[in-house]
Amino acid sequence: MQKACPTLGFSSSPKRTPKTPQSFKKKLEDEDTIESDFIGASEEDCQEWLLNEQDQVNFMEFDILFIADARSANEDTLLAKVYKRQQIVYGHGKKLPPRPYSWYEFNINFKEAWMLHSDVNFGPASAVDPVYYERKIEAVDENGLFSVVEADRLIYHPKN
(Lines give C-alpha, C1' and ligand atoms only; values in the text may rest on other atoms or scores of the structure.)
Protein backbone atom coordinates (compact mmCIF):
# COMPACT_ATOMS: atom_id res chain seq x y z
CA MET A 1 0.00 0.00 0.00
CA GLN A 2 1.31 3.45 -0.85
CA LYS A 3 0.94 6.51 1.33
CA ALA A 4 -2.19 8.64 1.28
CA CYS A 5 -2.85 11.76 3.35
CA PRO A 6 -6.28 12.06 4.91
CA THR A 7 -7.60 14.67 7.33
CA LEU A 8 -10.19 12.85 9.47
CA GLY A 9 -11.69 10.95 6.64
CA PHE A 10 -9.48 10.74 3.64
CA SER A 11 -8.97 12.64 0.50
CA SER A 12 -9.77 11.02 -2.76
CA SER A 13 -9.47 14.25 -4.68
CA PRO A 14 -6.51 15.70 -6.55
CA LYS A 15 -4.01 18.02 -4.91
CA ARG A 16 -6.24 21.06 -5.22
CA THR A 17 -8.52 22.68 -2.72
CA PRO A 18 -11.70 20.61 -2.44
CA LYS A 19 -14.88 22.54 -3.12
CA THR A 20 -17.20 20.56 -0.85
CA PRO A 21 -16.91 18.29 2.19
CA GLN A 22 -18.07 15.43 -0.05
CA SER A 23 -14.66 15.60 -1.74
CA PHE A 24 -13.40 13.69 1.30
CA LYS A 25 -14.49 10.09 1.61
CA LYS A 26 -15.29 8.89 5.12
CA LYS A 27 -15.66 5.16 4.43
CA LEU A 28 -14.67 2.54 1.89
CA GLU A 29 -16.68 -0.53 1.05
CA ASP A 30 -14.75 -3.78 0.49
CA GLU A 31 -14.84 -3.38 -3.29
CA ASP A 32 -13.95 0.34 -3.28
CA THR A 33 -10.57 1.66 -4.30
CA ILE A 34 -8.91 5.00 -3.71
CA GLU A 35 -8.04 7.17 -6.68
CA SER A 36 -5.96 10.11 -5.56
CA ASP A 37 -3.04 12.28 -6.55
CA PHE A 38 -1.94 11.91 -2.93
CA ILE A 39 -1.06 8.23 -3.28
CA GLY A 40 2.71 8.06 -3.19
CA ALA A 41 3.04 11.63 -1.92
CA SER A 42 5.72 12.30 0.67
CA GLU A 43 4.83 13.30 4.21
CA GLU A 44 6.31 16.71 3.44
CA ASP A 45 4.07 17.10 0.37
CA CYS A 46 1.01 16.27 2.48
CA GLN A 47 2.05 18.69 5.23
CA GLU A 48 2.74 21.50 2.76
CA TRP A 49 -0.57 20.91 0.99
CA LEU A 50 -2.51 21.06 4.24
CA LEU A 51 -0.82 24.25 5.46
CA ASN A 52 -1.39 25.93 2.09
CA GLU A 53 -4.97 24.79 1.52
CA GLN A 54 -6.66 24.40 4.90
CA ASP A 55 -7.78 28.01 5.21
CA GLN A 56 -9.33 28.09 1.72
CA VAL A 57 -12.52 26.35 2.89
CA ASN A 58 -14.43 26.04 6.17
CA PHE A 59 -14.71 22.25 6.35
CA MET A 60 -11.12 21.08 6.75
CA GLU A 61 -9.45 20.54 10.09
CA PHE A 62 -6.53 22.86 10.73
CA ASP A 63 -3.03 21.64 11.45
CA ILE A 64 -3.77 17.91 11.71
CA LEU A 65 -3.57 15.11 9.17
CA PHE A 66 -3.48 11.35 9.17
CA ILE A 67 -1.28 9.43 6.76
CA ALA A 68 -1.95 5.84 5.74
CA ASP A 69 1.14 3.90 4.67
CA ALA A 70 2.41 0.32 4.39
CA ARG A 71 2.28 -0.11 8.17
CA SER A 72 -1.34 1.06 8.10
CA ALA A 73 -2.32 -1.75 5.76
CA ASN A 74 -0.63 -4.43 7.84
CA GLU A 75 -1.25 -3.18 11.39
CA ASP A 76 -4.36 -0.94 11.27
CA THR A 77 -2.34 2.15 12.11
CA LEU A 78 -2.14 5.75 10.96
CA LEU A 79 0.62 8.29 11.20
CA ALA A 80 -0.96 11.32 12.85
CA LYS A 81 0.79 14.63 12.16
CA VAL A 82 -0.02 17.67 14.31
CA TYR A 83 1.32 21.13 13.44
CA LYS A 84 1.90 23.35 16.45
CA ARG A 85 2.32 27.06 15.79
CA GLN A 86 2.64 28.53 19.26
CA GLN A 87 4.34 27.58 22.47
CA ILE A 88 2.56 28.03 25.78
CA VAL A 89 4.60 28.99 28.81
CA TYR A 90 3.35 27.09 31.83
CA GLY A 91 3.61 28.13 35.48
CA HIS A 92 6.84 26.24 36.01
CA GLY A 93 8.43 28.14 33.09
CA LYS A 94 8.31 25.17 30.72
CA LYS A 95 7.46 26.00 27.10
CA LEU A 96 5.42 23.41 25.21
CA PRO A 97 5.55 22.15 22.61
CA PRO A 98 9.35 22.29 22.49
CA ARG A 99 9.52 23.74 18.95
CA PRO A 100 6.93 26.19 17.60
CA TYR A 101 5.95 26.04 13.92
CA SER A 102 6.78 22.34 13.80
CA TRP A 103 5.09 19.06 12.97
CA TYR A 104 4.79 16.39 15.67
CA GLU A 105 4.01 12.81 14.77
CA PHE A 106 2.25 9.97 16.51
CA ASN A 107 1.91 6.43 15.16
CA ILE A 108 -1.53 5.39 16.40
CA ASN A 109 -4.20 2.72 16.02
CA PHE A 110 -6.57 4.07 13.37
CA LYS A 111 -9.54 3.66 15.74
CA GLU A 112 -8.00 6.25 18.07
CA ALA A 113 -7.70 9.00 15.42
CA TRP A 114 -10.85 10.78 16.60
CA MET A 115 -9.56 10.74 20.19
CA LEU A 116 -6.22 12.28 19.22
CA HIS A 117 -8.07 14.90 17.17
CA SER A 118 -10.27 15.70 20.15
CA ASP A 119 -7.35 15.89 22.60
CA VAL A 120 -5.17 18.24 20.56
CA ASN A 121 -8.02 20.48 19.40
CA PHE A 122 -10.38 20.56 22.36
CA GLY A 123 -8.60 19.16 25.40
CA PRO A 124 -7.20 21.42 28.12
CA ALA A 125 -3.79 22.46 26.76
CA SER A 126 -2.30 22.60 30.26
CA ALA A 127 -3.02 18.86 30.62
CA VAL A 128 -2.72 17.67 27.01
CA ASP A 129 0.52 19.41 26.02
CA PRO A 130 2.72 17.87 28.74
CA VAL A 131 1.53 14.35 27.84
CA TYR A 132 1.68 14.75 24.05
CA TYR A 133 4.86 16.83 23.80
CA GLU A 134 6.90 16.13 26.94
CA ARG A 135 5.84 12.70 28.25
CA LYS A 136 4.92 11.08 24.94
CA ILE A 137 7.13 8.03 25.58
CA GLU A 138 4.93 7.08 28.57
CA ALA A 139 2.04 6.43 26.17
CA VAL A 140 4.04 4.42 23.61
CA ASP A 141 3.46 0.66 23.71
CA GLU A 142 5.85 -2.22 22.99
CA ASN A 143 5.03 -1.99 19.25
CA GLY A 144 6.01 1.67 19.06
CA LEU A 145 2.41 2.88 18.86
CA PHE A 146 1.31 5.96 20.74
CA SER A 147 -1.75 4.83 22.71
CA VAL A 148 -4.25 7.67 22.81
CA VAL A 149 -6.17 5.68 25.43
CA GLU A 150 -3.07 5.68 27.66
CA ALA A 151 -2.46 9.37 26.90
CA ASP A 152 -6.02 10.13 28.00
CA ARG A 153 -5.47 8.17 31.20
CA LEU A 154 -2.35 10.27 31.88
CA ILE A 155 -4.25 13.48 31.07
CA TYR A 156 -7.55 12.88 32.86
CA HIS A 157 -6.66 10.30 35.54
CA PRO A 158 -2.96 10.90 36.28
CA LYS A 159 -2.95 9.18 39.68
CA ASN A 160 -4.42 5.85 38.42
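The values are calculated or read from the model by the stated rules, or taken from the named source; none is laboratory data. Computed from a predicted structure; not experimentally measured. Cβ atoms come from the backbone with ideal geometry, glycine included; neighbour counts cover every protein chain shown.
Per-structure values
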{"quantity": "Single residue of segment 137-160 satisfying the filter (under 17 Å from the mean Cα position of the chain (by Cα) and in a loop (DSSP other than H, G, I, E, B)) that is farthest from Ser72 (Cα to Cα)", "calculated": "Ser147"}
{"quantity": "Members of segment 30-69 that are in a loop (DSSP other than H, G, I, E, B) and at pLDDT 90 or above", "calculated": "Phe62, Asp63"}
{"quantity": "Criterion violated by His92 - all others in (1) out of contact with any strand residue (DSSP E or B) (no Cβ under 9 Å at 6 or more places or on another chain); (2) touching a residue at least 24 places away in the same chain (Cβ under 8 Å) satisfied", "calculated": "(2)"}
{"quantity": "Cross-chain or 6+ apart pairs with Cβ under 9 Å, segment 120-136 first and free of Cβ contacts under 8 Å to residues at least 60 places away in the same chain and part of a helix (DSSP H, G or I), then charged (D, E, K, R) and surrounded by fewer than 15 Cβ atoms within 10 Å (Cβ to Cβ)", "calculated": "Pro130/Lys94; Val131/Glu138; Glu134/Lys94"}
{"quantity": "Sole residue being within 15 Å of the chain's Cα centre (by Cα) and more than 30 Å from Thr20 (Cβ to Cβ), chosen from Ser102, Ser118, Ser72", "calculated": "Ser102"}
{"quantity": "Output for segment 100-119, where each listed residue is small (Gly, Ala, Ser) and not in a strand (DSSP E or B)", "calculated": "Ala113, Ser118"}
{"quantity": "Selection within segment 52-95 - surrounded by 15 or more Cβ atoms within 10 Å (Cβ to Cβ), under 26 Å from Asp129 (Cβ atoms) and hydrophobic (A, V, I, L, M, F, W, C)", "calculated": "Met60, Ile64, Leu65, Phe66, Ile67, Leu78, Leu79, Ala80, Val82"}
{"quantity": "Checking Tyr83 against (1) at pLDDT 90 or above; (2) touching a Lys or Arg at 6+ places or on another chain (Cβ under 7 Å); (3) assigned to a strand (DSSP E or B), the condition it does not meet", "calculated": "(2)"}
{"quantity": "Residue within segment 122-136 that is loosely packed, with under 14 Cβ neighbours inside 10 Å and within 15 Å of the chain's Cα centre (by Cα) present", "calculated": "yes"}
{"quantity": "Near pairs, Cβ below 6 angstrom, 6+ apart or cross-chain, from segment 50-68 (in contact (Cβ under 8 Å) with a residue 12 or more places away in the chain) to any residue that is among the basic types (Lys, Arg)", "calculated": "Leu65/Lys81; Ile67/Lys3"}
